[in-house]
1. Does any residue of segment 146-166 turn out to be open to solvent by 10 Å² or more (accessible area, probe 1.4 Å), assigned to a loop (DSSP other than H, G, I, E, B) and at pLDDT 95 or above?
2. Mind counting the residues in segment 113-145 that are of a type in the set (A, V, I, L, M), outside any strand (DSSP E or B) and surrounded by 15 or more Cβ atoms within 10 Å (Cβ to Cβ)?
3. Of the residues in segment 90-117, how many are under 20 Å from the mean Cα position of the chain (by Cα) and either at pLDDT below 95 or aliphatic (A, V, I, L, M) (or both)?
4. Could you say whether any residue in segment 235-254 is touching a residue at least 24 places away in the same chain (Cβ under 8 Å), buried (at least 16 other Cβ atoms within 10 Å of the Cβ), out of contact with any Phe, Trp or Tyr (no Cβ under 9 Å at 6 or more places or on another chain) and over 16 Å from residue 205 (Cα atoms)?
5. Output the qualifying pairs, or none if there are none: Cβ atoms under 7 angstrom, residues six or more apart or on different chains, first residue in segment 128-140 and aliphatic (A, V, I, L, M), second residue at pLDDT 95 or above and open to solvent by 30 Å² or more (accessible area, probe 1.4 Å).
6. Count, please, the residues in segment 239-272 that happen to be of a type outside the set (Phe, Trp, Tyr) and under 22 Å from residue 184 (Cα atoms).
7. Touching a helix residue (DSSP H, G or I) at 6+ places or on another chain (Cβ under 8 Å), open to solvent by less than 60 Å² (accessible area, probe 1.4 Å), farther than 19 Å from residue 263 by Cβ and not aromatic (Phe, Trp, Tyr): is that true of residue 104 in this structure?
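The values are calculated or read from the model by the stated rules, or taken from the named source; none is laboratory data. Because the structure is a prediction, the values reported are computed rather than measured. Neighbour counts are summed over all protein chains in view; Cβ atoms, including those assigned to glycine, are modelled from backbone coordinates with ideal geometry. In case anyone asks, the SASA skips ligands and DNA or RNA and just uses the protein heavy atoms, side chains included. Shrake-Rupley method; radii C 1.70, N 1.55, O 1.52, S 1.80 Å.
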Amino acid sequence: MLMNNFKKSDYEISKFGLGTVQFGLDYGFTKRKSQDEVNCILKTAVDNGITLIDTAREYGDSEDKIGNFMDNYKNNFVVATKLRLIDDLSELNYSYLKENIYNSVEESLEKLQLNKIPILQLHQAVEEIYKNDDFWTVINQLKEDKLIDLFGVSVYELPETKFITQHHNECVDFFQIPYNIFDRRFDDIQEELQEYSIGLVSRSTFLKGIIPCAIEDTPECLNDIKPFKQDLQDLANKCECTVAELASVFVYYNDYINSTILGVNSPEELENNIKSIDKFDENLLEDINFDNLRINNDYLIDPRKWDNF
């Protein structure tokens, strides 16, 4: 397992991170995991060198289950969690923000059984919050109070990412972004992020399952993605690997992605994901041209916009 670190920290971050929404919630076709199932997945993560665990206050009892397991494994993981969503965005004054944010952090600390959160993230990148100076004052206070070490923002779009980078780069250590072999929007701001030593964690490696699914199973609303899927299938055949393996390898070996979050349903699935990387010759990527796989149609690469899906 390759390791990385955010340039502002000494944390060793595995290039694969473990997503945990399925630990605490039914998620799509995946049923919520029991504590025993979570224990098996997390032990497999330990055995395979995965250090980054990504969770959230909104993921049901995911934090509780991670905390229950970590009693003997605190030194094995760098835990990233996210602030609870703020329901009322109408009056985001300093007092209201501080109360909500500190309560969320204290709940996470209790459930995760930690004294400090290594990585905290904003789960709600809306203008009312990220353009509010009081919000950033509270985040800086969390760092000063040593309740968190690093702070990141989960984003969807380039404009919000650029605004935060330009106005609050001193507080943001990384962004969590959607990124995959089709969705490469964030390639366009790499120089700016590197200038401010802001790292990247990626999600949506398989574009909500659309990348690895059979071409004939593509939903009708996404018919325009089929030519890209065919090109990807042809390329995977040429590389003698599956589409899912090529999609994973593409992100895993990306130099500016610090870590890629993958959700798994079982220890076996986690091990298979890791084996698919280990069997692939990294040097092969140097001879592959991925440019024709980049999709610039926002509808096709943003699941929030898909019709009837």
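1. Scanning segment 146-166, I find at least one residue that is open to solvent by 10 Å² or more (accessible area, probe 1.4 Å), assigned to a loop (DSSP other than H, G, I, E, B) and at pLDDT 95 or above, so the answer is yes.
2. Number of matching residues: 6.
3. Total satisfying the criteria: 3.
4. Among the residues of segment 235-254, not one is touching a residue at least 24 places away in the same chain (Cβ under 8 Å), buried (at least 16 other Cβ atoms within 10 Å of the Cβ), out of contact with any Phe, Trp or Tyr (no Cβ under 9 Å at 6 or more places or on another chain) and over 16 Å from residue 205 (Cα atoms), which makes the answer no.
5. Going by the 7 Å Cβ cut-off, the qualifying pairs are 138/98.
6. Of the residues in that region, 20 qualify.
7. Details: touching a helix residue (DSSP H, G or I) at 6+ places or on another chain (Cβ under 8 Å): no; open to solvent by less than 60 Å² (accessible area, probe 1.4 Å): yes; farther than 19 Å from residue 263 by Cβ: yes; not aromatic (Phe, Trp, Tyr): yes.
It is false that residue 104 is touching a helix residue (DSSP H, G or I) at 6+ places or on another chain (Cβ under 8 Å), open to solvent by less than 60 Å² (accessible area, probe 1.4 Å), farther than 19 Å from residue 263 by Cβ and not aromatic (Phe, Trp, Tyr).
Rundown of residues vs (1) part of a helix (DSSP H, G or I); (2) not hydrophobic (A, V, I, L, M, F, W, C), yes/no style:
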position: 186; (1), (2): yes, no
position: 189; (1), (2): yes, no
position: 193; (1), (2): yes, no
position: 208; (1), (2): no, yes
position: 222; (1), (2): yes, no
position: 226; (1), (2): yes, yes
position: 229; (1), (2): yes, yes
